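Read-outs: derived from the displayed coordinates by stated rules, not from any lab. Predicted, not measured: the structure shown is a model, and the values here were computed from it. Note that we place each Cβ from the backbone using ideal geometry, even for glycine, and neighbour counts take in every protein chain shown.
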Amino acid sequence: MSDDAWMRELETERAMKNEFMARHPESPFVGGRVPFHELRYFPPDPEFRISATLERAPVPEEAYLRTNRDNQAVMRYLGDLAFSVGGRALRLRVYHAGEGVGTSVFVPFRDTTSGRESYGPGRYLTLELNPDDEYELDFNRAFNPYCAYTDDFECGFPPAENDLPVPIRAGERVWAADRNPRTPSSLMLERSGRRPKPGAAPARAPPKRARPAKPRAATGAARSRRRR
């Protein structure tokens, strides 16, 4: 796809998402009665349309992603996407959420803009599996989980292996400055009423394996789950 066609497609997708968020009954803003303003994005950058290869694990493994409710979302770890940004070799773990999502896979990540320009607990990408395991990893399509907008949803955090040591200034930016904890651990401390001291190392919660949360199929928010 040419850069011009890609740009038009991206602009259309973003306009449609704003319309969905503003009006659709399943929008976190409509359902949660949260005042809506247009989503914020980094400027489109074709340099963040990156070729990636999925290096599959010999056998898919059960994996648990911590959530903002201090539960665990059960996933299947399929392997790693291998790619490079600015000449630096990087990897991202790829997850499948189980029944109901077909060939769609889930790639949560953080980068050095997280907690500043982008949502601190992380952003998401989704891909459709293909037989060749060659993909275009388009960070311009990175999006926030629904818990970036309202506390009514439960969202999985990226694992430590998916913290990228580079800035990804592409895709969705933080929606509101007052809803942007620096890290997943900062979010958990805020929820418990204990804010981390400036400059303090993020707290690490012990593993919690009891009653893991079952992720649902992706809709607009991919792996965001409404709290019951």
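A few notes on this one:
- Proximity of backbone amide H atoms, modeled 1.01 Å from N, is registered between ARG173 and ARG40, TYR41, PHE42 at under 5 Å, excluding neighbours fewer than 5 places apart on the same chain.
- The gain in end-to-end length when the SER51 to ARG76 segment is fully stretched comes to 6.7 nm, 0.36 nm per residue minus the alpha carbon separation.
- In order through the stretch 174-185: 3J(HN,Hα) via Karplus (6.51 cos²θ - 1.76 cosθ + 1.60), integer Hz, x for Gly, Pro: 5, 7, 8, 4, 7, 10, 9, x, 5, 9, x, 5
- Distant-in-sequence amide H partners of GLU117 (H built 1.01 Å from N, under 5 Å): none
- When you filter the chymotrypsin sites (Phe, Trp or Tyr not before Pro) in the stretch 14-64 for DSSP loop state and at most 13 other Cβ atoms inside 10 Å of their Cβ, nothing is left.
- Loop-located GluC sites (Glu not before Pro) in the stretch 50-132 (DSSP state not H, G, I, E or B) with no more than 10 neighbouring Cβ atoms inside 10 Å: GLU99.
- The spacing between the stretch 127-165 and the stretch 9-74, judged by their C-alpha centroids, is 6 Å.
- Among MET1, MET188, the ranking by other beta carbons within 10 Å of each residue's beta carbon, starting with the fewest, stands as MET1, MET188.
- Under 14 Å, Cβ to Cβ, from LEU90 - net charge with Lys/Arg +1 and Asp/Glu -1: -1
- Label-point gap, in nm, between PHE20 and SER84 - each point 7 angstrom along Cα→Cβ: 3.5 nm
- Potential lengthening of the chain between THR112 and SER2 amounts to 36.7 nm, from the contour at 0.36 nm per residue minus the alpha-carbon distance.
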